[in-house]
Amino acid sequence: MTAARIGTMVAVLLAIGPALAPAQNTLDTATYRELKAHLDSIPAIDTHDHLFPFDQLPGYVETATGKGMNLAGLWRSSYLPRIKGLTPWQPGMKFEDWWAKAKHDFDDVRAASFYRYQALAIQDLYGIDFDRISDDEARDLDRRIFRNYGDKRWLYEVVTKKANIELMFNDPYWARFDFKLDYPFGVLVLNVTTLVRGFHPSEFKSLFDDPYKFARDKNIEVKTLDDYLRVLDLLFQEAKRRGAVVLKTTLAYIRSLRFERVPKERAAKVFGRRRDELSAADIKAFEDFIMWHLAGLSARHDLPFQIHTGDARIQGSNPMLLVDYIEANPRTKFILFHGGYPWVGETGAIAARFPNHVWVDSCWLPTISYHMAKRAFHEWLDVMPSSKILWGADCNHAEGIYGATVMTRRCLAEVLAERVDRKELTPEHARSIGQQILRDNALSLFPSVKERLWKSKNKLLMP
């Protein structure tokens, strides 16, 4: 090979070298570090969680030293069991006996977001790398978890200080119509999922889920569909009086999200009959009628409507099934939960199509799939105003709430840093967008919660 040809090849390699070099990891950039620090400093408004009363937290187990939360209970109450079976904890068993088998439960899920968010929390809150945890460290971690959950102040410490959450919308699906706030940083959510079953009192097993029980307490007889609709209106009034600011439904776990417009006369023929007297078509017609009525009540009482979309009954939870319903109810403020995962692009398209009454909530999404969440934030910022995006942790224990919050802040910081470094955003605009998503959008959509803000007033919420 001649010197000239060698020189040419060297010149070509030098020219294409930068293109072949691996791109810098966004997390290693100064832009990301600065944005992440800014986002961490924002007292967030978390629009969705399920934090049970302290004495009812899921995950409590019977140990040799009494009832409490331990490492087994913490993982059991995480989202990991959705994709991986975990070694069960037997009442009163020794930790060493459980751990001997359980430590292998994580071998094939290390990359899964449902594992990563909880491992991240364990690292930050306990200083233990769960990817490399030793038997002695596991035993120590178990003891520390048990000790922490012996005092309600642990929840306050993690949620309000370490996760830097100022207010948290709490969906009490275990007692929907109890209208009780268990934590001073909580905001009440009216879960309306069961109301669509109101064609007969026998549909309700729990007194806290029963609109007929609410009616009895108000001395209202419910004999007709009109009576039932009156009860729903009074239920909304009571919930709002008690502090509820939003509605929530999880019907996507039970049935399709396609809600047809059903004449009142059709629903009236179903009302008052037991389930075994009805066809599946009858039941669906009644449920559809009530869902349309709930959309009207949502607008009338100015209670935005959070709807679980995606990752439930996969065959019926695509948010595109809601488009006709959304379009026909322009006065209702709809919030599409979980970014519609896995249909995040479709969810963005719906919000873009109905910019005046549709918001997208990324709650749970970074915990389901961190990389899908990154894609979603990028796509949503492409197609809609940043004022239409919300977030929530969607967990039921302190470590989960912390991990999900950190995952969201990290994911959002990555997306914004990438756009700044590509000259698509100024640093100032990126910080503003982060502030909107983590805090300001919720305060704008739910202005009444501004009265509940406490961090800037230096209030102390510890029990």
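The values are calculated or read from the model by the stated rules, or taken from the named source; none is laboratory data. Not measured: the values here are computed from a predicted model. Here the Cβ is made from the backbone with ideal geometry for all residues, glycine too, and neighbour counts use every protein chain on show. These area figures cover heavy atoms from the full protein model, side chains too; ligands, DNA and RNA do not enter into them. Shrake-Rupley method; radii C 1.70, N 1.55, O 1.52, S 1.80 Å.
Taking segment 99-220 on its own, what percent of its Cα-Cα pair distances exceed 25 Å?
On the way: 3710 of 7381 pairs.
Of all Cα-Cα distances in segment 99-220, 50 percent exceed 25 Å.
So how far, in whole Å, is the C-alpha centre of segment 340-405 from the one of segment 286-319?
Their Cα centres are 18 Å away from one another.
How far is helix 113-126 tilted, in degrees, relative to the longest principal axis of the Cα atoms in the chain, given as a value from 0 to 90 rounded to the nearest 10?
Between the helix axis and the principal axis of the chain, the angle is about 80 degrees.
To test your reading of the geometry: what angle, between 0 and 90 degrees and rounded to tens, separates the Cα axis of helix 344-353 from the longest principal axis of the chain?
60 degrees
So what is the relative contact order of segment 346-420, in percent, for Cα pairs below 8 Å that sit 6 or more residues apart?
Values: 75 pairs, mean separation 25.6, N = 75.
Normalised by residue count, the contact order of segment 346-420 is 34 percent.
Regarding segment 210-253, what's the average projected area of the Cα-atom convex hull, expressed in nm²? Don't skip to the answer; put the middle values down first.
Values: hull surface 15.3 nm².
Result: 3.8 nm².
If packing is taken as the mean number of other Cβ atoms within 10 Å per residue, what is the order of 126-132, 138-144, highest first? Before the final figure, lay out each step's value.
Numbers: 126-132: 13.7, 138-144: 17.0.
Per-residue Cβ counts within 10 Å, averaged per peptide and sorted highest first, yield 138-144, 126-132.
Residue by residue, what Karplus-based ³J(HN,Hα) values in Hz, rounded to whole numbers, does segment 237-246 have, using 6.51, -1.76 and 1.60 with θ = phi - 60° and x for Gly and Pro?
Here the 3J(HN,Hα) series is 4, 5, 4, 5, 4, 7, x, 5, 10, 7 Hz.
Taking segment 77-108, which trypsin sites (Lys or Arg not before Pro) meet the DSSP loop condition and have no more than 16 other C-beta atoms within 10 Å?
Numbers: sites: Arg82, Lys84, Lys94, Lys101, Lys103; in loops: Lys84, Lys94, Lys103.
Within segment 77-108, the qualifying trypsin sites (Lys or Arg not before Pro) (loop, at most 16 other Cβ atoms within 10 Å) are Lys84, Lys94, Lys103.
Can you give me the accessible area per residue for segment 249-303, using a 1.4 Å probe, in Å²?
Working: 2660 Å² over 55 residues.
Counting only protein heavy atoms, the per-residue value for segment 249-303 is 48 Å².
Leaving out ligands, DNA and RNA, what percent of the accessible area of the chain is carbon and sulfur, probe 1.4 Å? The partial results should precede the final answer.
Numbers: 10280 of 20130 Å².
That fraction is 51 percent.
Between helix 398-421 and the chain, what is the angle of the helix's C-alpha long axis to the longest principal axis, kept within 0 to 90° and rounded to the nearest 10?
With both axes taken from Cα atoms, the answer is about 60 degrees.
As a test of the formula, what do you get for the chain when each DSSP H run with n ≥ 4 contributes -39,500 (n - 2.57) and the sum is divided by the residue count, at 222 nm and rounded to the nearest 500 deg cm²/dmol? Show your work: numbers first, answer last.
Numbers: 18 runs with 198 residues, N = 463.
It lands at -13000 deg cm²/dmol.
Where does each of 398-409, 219-230 land if you order them by average Cβ count within 10 Å, highest first? Please list the in-between numbers first.
Working: 398-409: 26.2, 219-230: 14.6.
Per-residue mean Cβ counts within 10 Å order the peptides as 398-409, 219-230.
Which semi-axes, in whole Å and largest first, does the equivalent ellipsoid of the chain have when worked out from the alpha carbon gyration tensor as the square roots of 5 times its eigenvalues? Provide the component values of the computation, followed by the final result.
On the way: eigenvalues 339, 182, 95 Å².
Listed largest to smallest, the semi-axes of the chain are 41, 30, 22 Å.
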